[in-house]
Amino acid sequence: MSGKTVTLTDANFDETIKNNRLVLVDFWAAWCAPCRMIAPVLEEIAAENSGLVVGKLNVDENPVKAAQFQIMSIPNLLLFKDGKVVENIIGAVPKESLLARIKPHM
């Protein structure tokens, strides 16, 4: 079974974090070029790692959660394990770098 990518909103965010052991949340926006660059990498990571949910939250459409987590620059990736933030990765980083930060929590 592979992991999956889900669209997160202010409404479903808390439930998604609560119901999944490991969630990588991508805070992004449509106008953000680095966000578009990292998107296919996140799709690959989701497909290749069972037990990991990759959620995408558009900060323009969902300002409540972006403000709650003090997202000031995007792309900003937060890794939640058992409901708590365990990693904060800012910028379009290479796949290997992302996996190096995620794998220890799996």
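The values are calculated or read from the model by the stated rules, or taken from the named source; none is laboratory data. Owing to the predicted nature of the structure, the values given are computational and were not obtained by experimental measurement. Using ideal geometry, Cβ is built from the backbone for each residue, glycine included, and neighbour counts are taken over all protein chains shown.
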Report summary line: Reported set for segment 1-54 where residues are under 13 Å from the mean Cα position of the chain (by Cα), under 13 Å from Lys65 (Cβ atoms) and among the acidic types (Asp, Glu) is Asp26
Query raised in the report: Are any residues in segment 8-43 hydroxyl-bearing (Ser, Thr, Tyr) and touching a residue at least 40 places away in the same chain (Cβ under 8 Å), and if so, which ones?
Result: Thr9
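Quick one: count up the residues across segment 70-97 that are in contact with a strand residue (DSSP E or B) (Cβ under 7 Å, 6 or more places away or on another chain), under 19 Å from Cys32 (Cα atoms) and buried (at least 18 other Cβ atoms within 10 Å of the Cβ). Steps first, answer last, please.
Here is the first cut: in segment 70-97, the residues in contact with a strand residue (DSSP E or B) (Cβ under 7 Å, 6 or more places away or on another chain) are 71, 73-81, 85-90.
Narrowing further to those that are under 19 Å from Cys32 (Cα atoms): 71, 73-78, 88-90.
When the remaining residues are screened for being buried (at least 18 other Cβ atoms within 10 Å of the Cβ), the result is 71, 74-78, 89.
Count: 7.
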Query raised in the report: Hey, does segment 81-98 have a residue that's over 13 Å from Trp28 (Cα atoms), of a type in the set (Gly, Ala, Ser) and without any contact (Cβ under 8 Å) to a residue 12 or more places away in the chain?
Result: yes
Query raised in the report: Do we find a residue being at pLDDT below 95 and either β-branched (Val, Ile, Thr) or under 13 Å from the mean Cα position of the chain (by Cα) (or both) anywhere in segment 59-73?
Result: no
